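Quick notes on the structure that follows.
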Number of protein chains: 2
Amino acid sequence: MECSVINFKEKLGKFSEYWSPKIIAQMNDYHFKLVKFRGDFIWHSHADTDEAFIVLEGGMSIDFRDGRVDLGKGEMFVVTKGRAHKPFAEDECKILLVEPAGTINTGEPGGELAAEDNVWI
Amino acid sequence: MECSVINFKEKLGKFSEYWSPKIIAQMNDYHFKLVKFRGDFIWHSHADTDEAFIVLEGGMSIDFRDGRVDLGKGEMFVVTKGRAHKPFAEDECKILLVEPAGTINTGEPGGELAAEDNVWI
């Protein structure tokens, strides 16, 4: 567990791959994760939890079955539990995610884009 | 509950008082709160929860009984459960707090600096 000051830019410099969240902090049983988005992710949902997206740099969108939201730097959005969503970003976007420890990026284990769910940087 | 995109600058423009967290989003049973710091807060602790501080603008410090951390824009820190701390900021600092819904800013109800704990903006 990280117990010192966490600098987003310094941590973002430690990885370059897209769609692969890295844990930077823990608060109770929740994780703060940094992730870089570019291109299209897959449709998925999280059956047991809401998921918070905070945009640190760039812009991204989230498609829903019934609409879409566009997020820029300094904006956040909470995807509610069970809601199908597909994030995408035309250009590289840097995101801070907040969600329960153990949340899998694709909603369920397996599949090409399922990231390891416990990688700290 | 807020269900649209949340813009930090727009929300920060809605209040000016210090040490008075305003709720901007909910994720499960956690709240995201904006707060402006200036000057000294009081020593306190949260017996039941960790508390995450994310600096959006400006700089702040947190004194502990055994040390101190200094945080600038784009940095975060998690104060662990039960750890006595005293936040302070020489100049105005804008913070995003993440903590369980119902967490009281002073650790316990009452006192001059205890803010209303359920104010959405």
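List of remarks:
- Verdict on B:Lys9 being among the basic types (Lys, Arg) and touching a strand residue (DSSP E or B) at 6+ places or on another chain (Cβ under 7 Å): no
- Residues located in region A:98-116, provided they are under 22 Å from A:Gly13 (Cβ atoms), more than 14 Å from chain B (Cβ to nearest Cβ) and surrounded by 15 or more Cβ atoms within 10 Å (Cβ to Cβ): A:Asn105, A:Ala115
Every number here is computed from the coordinates shown, using simple stated rules; none is lab data. In this text, all values refer to a predicted model and were calculated from it rather than measured experimentally. All Cβ positions, glycine included, derive from the backbone under ideal geometry; neighbour counts span all protein chains shown.
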